[in-house]
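**Student:** The structure under discussion is supplied below as structure tokens; questions concerning it will follow.
The values are calculated or read from the model by the stated rules, or taken from the named source; none is laboratory data. Computed from a predicted structure; not experimentally measured. Don't worry about glycine lacking a Cβ; one is built from the backbone with ideal geometry, like all the others, and counts go over all protein chains shown. Accessible surface areas use protein heavy atoms only, side chains included; no ligands, DNA or RNA. Shrake-Rupley method; radii C 1.70, N 1.55, O 1.52, S 1.80 Å.
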Amino acid sequence: MAGLSCGPAHAEGQVNAAYAVYLKGFHVLNAQTSYQLQPWGYGGSTQIKPAGLISWFVTMDVTSRVEGKFTPDGNVQPVLFDSGGISRGKRRHVRLEFSNDTPKVTDLQPSETDREPIPDSSLPHTVDTLSGMAHLLHALATTGKCDGTQIIFDGLRLTEMVVHGPTVADIPQGQDEAYSGQALRCDFVGRQLAGFVKDSPNRAKLASPQPGSVWFRKINDLGLIPVRIEFNHPKLGHVMVVMQHAVAP
């Protein structure tokens, strides 16, 4: 495991990384990320746009940002999650503000009233999607482990994520990966719990467990970076997210 071990936590600088998203082998999206982890907290943003031939037919430009803290026991305590832009043919926006470990939806456009409401009692101790990734990265860097369960709330849906690992595994190749060789792989299973579209014919698929994995590699002085993510989407099928490069600004 030379070069893969996780030492004591230390302040990391900002990381800028670019990812390509593949669906059924086709490059469909590009994601630009920028984030910073400190022992006391985290912040970052992502921007997602279509790529390749799909960009001729699909208009999409979504920017998300997050701010949060790490608690003394290593958990995350989100402060703010904001995501907005053009997606699925409409301008959309969701803003979550957190207080007492509970998110409050302060803006949601459009309202999507065709979804089953999520009980308020289910929201305490949930985190947003980007905070979930920050928690995983922080846990792996500080404890060397990625075991645990997190409930994710994105403003519309409630999803359970169960993660375990890591194991040492080779980074899969075949999609112009920036890195090869061994990495730390954390495996996870996601399952939607609530926020289903009413009378959806896909409800059984959405509620079924969806497995996935994320590979982390220590890159120069940037620390551990997620270099590849693979998961099953209940409607889209197999999705691959491949890092193309990562640099300090």
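**Student:** Go through the stretch 102-117 and count every residue that is surrounded by 15 or more Cβ atoms within 10 Å (Cβ to Cβ) and at pLDDT below 95.
**Tutor:** Of the residues in that region, 1 qualify.
**Student:** If the requirement is being under 16 Å from the mean Cα position of the chain (by Cα) and in contact (Cβ under 8 Å) with a residue 24 or more places away in the chain, which of these qualifies: Leu23, Leu37? Talk me through it step by step, then tell me what you get.
**Tutor:** Details: Leu23 fails: under 16 Å from the mean Cα position of the chain (by Cα).
The match here is Leu37.
**Student:** Which condition from (1) open to solvent by less than 40 Å² (accessible area, probe 1.4 Å); (2) under 24 Å from Tyr42 (Cβ atoms); (3) not small (Gly, Ala, Ser) is the one that Leu206 breaks?
**Tutor:** (2)
**Student:** Another question, then. In this structure, does Thr126 turn out to be surrounded by fewer than 19 Cβ atoms within 10 Å (Cβ to Cβ) and either closer than 23 Å to Trp40 by Cα or acidic (Asp, Glu) (or both)?
**Tutor:** Working: surrounded by fewer than 19 Cβ atoms within 10 Å (Cβ to Cβ): no; either closer than 23 Å to Trp40 by Cα or acidic (Asp, Glu) (or both): yes.
Answer is no for this residue.
**Student:** If you don't mind, there's one more thing I want to ask. If you go through the stretch 145-156 one residue at a time, how many are free of Cβ contacts under 8 Å to residues at least 40 places away in the same chain and more than 13 Å from the chain's Cα centre (by Cα)? Walk me through it before giving the result.
**Tutor:** Filtering the stretch 145-156 for residues free of Cβ contacts under 8 Å to residues at least 40 places away in the same chain gives 145, 147-150, 152.
Restricting the remaining residues to those that are more than 13 Å from the chain's Cα centre (by Cα) gives 145, 147-149.
The qualifying residues number 4.
**Student:** Moving on to the next point. Just one of Val189, Val168, Val162 is over 14 Å from the mean Cα position of the chain (by Cα) and either farther than 17 Å from Ile225 by Cβ or not basic (Lys, Arg) (or both); which is it?
**Tutor:** Working: Val189 fails: over 14 Å from the mean Cα position of the chain (by Cα); Val162 fails: over 14 Å from the mean Cα position of the chain (by Cα).
So the residue among Val189, Val168, Val162 that is over 14 Å from the mean Cα position of the chain (by Cα) and either farther than 17 Å from Ile225 by Cβ or not basic (Lys, Arg) (or both) is Val168.
**Student:** Shifting gears a bit: Tally time: how many residues in the stretch 66-93 are in a strand (DSSP E or B), touching a helix residue (DSSP H, G or I) at 6+ places or on another chain (Cβ under 8 Å) and not hydrophobic (A, V, I, L, M, F, W, C)? It would help to see each step written out before you state the result.
**Tutor:** Filtering the stretch 66-93 for residues in a strand (DSSP E or B) gives 66-70, 76-87, 90-93.
In the following step, the residues that additionally are touching a helix residue (DSSP H, G or I) at 6+ places or on another chain (Cβ under 8 Å) were identified as 66, 68, 70, 76, 78, 81.
When the remaining residues are screened for being not hydrophobic (A, V, I, L, M, F, W, C), the result is 68, 78.
Of the residues in that region, 2 qualify.
**Student:** Is it true that some residue in the stretch 171-182 is of a type in the set (Val, Ile, Thr), modelled with pLDDT of 95 or more and open to solvent by less than 30 Å² (accessible area, probe 1.4 Å)?
**Tutor:** Our first condition is that a residue be of a type in the set (Val, Ile, Thr); within the stretch 171-182, this holds for 171.
Filter again for modelled with pLDDT of 95 or more, leaving none.
Scanning the stretch 171-182, I find no residue that is of a type in the set (Val, Ile, Thr), modelled with pLDDT of 95 or more and open to solvent by less than 30 Å² (accessible area, probe 1.4 Å), so the answer is no.
**Student:** I would also like to ask the following. Quick one: count up the residues across the stretch 213-249 that are part of a strand (DSSP E or B) and within 17 Å of Val28 (Cβ to Cβ).
**Tutor:** Within the stretch 213-249, the subset part of a strand (DSSP E or B) is 213-218, 224-233, 237-247.
Now narrow it down to the ones that are within 17 Å of Val28 (Cβ to Cβ): 228-233, 237-244.
Counting residues in the stretch 213-249 that are part of a strand (DSSP E or B) and within 17 Å of Val28 (Cβ to Cβ) gives 14.
**Student:** Additional query: With over 18 Å from Val79 (Cβ atoms) and assigned to a helix (DSSP H, G or I) as the only criterion, which of Ala141, Ala169, Ala134, Ala178 stands out?
**Tutor:** On the way: Ala169 fails: assigned to a helix (DSSP H, G or I); Ala134 fails: over 18 Å from Val79 (Cβ atoms); Ala178 fails: assigned to a helix (DSSP H, G or I).
Answer to the selection: Ala141.
**Student:** Output yes when any residue across the stretch 142-155 is closer than 17 Å to Asp82 by Cα, open to solvent by less than 50 Å² (accessible area, probe 1.4 Å) and among the polar types (S, T, N, Q), and no when none is. Working first, answer last.
**Tutor:** Our first condition is that a residue be closer than 17 Å to Asp82 by Cα; within the stretch 142-155, this holds for 152-155.
Imposing the further condition that a residue be open to solvent by less than 50 Å² (accessible area, probe 1.4 Å) reduces the set to 152-155.
Restricting the remaining residues to those that are among the polar types (S, T, N, Q) gives none.
Scanning the stretch 142-155, I find no residue that is closer than 17 Å to Asp82 by Cα, open to solvent by less than 50 Å² (accessible area, probe 1.4 Å) and among the polar types (S, T, N, Q), so the answer is no.
**Student:** Let me ask another. Give the stretch 33-48 a look and list any residue that's at pLDDT 95 or above and either of a type in the set (A, V, I, L, M) or farther than 19 Å from Gly132 by Cβ (or both), or say none.
**Tutor:** Hit for the stretch 33-48 is Ile48, nothing else.
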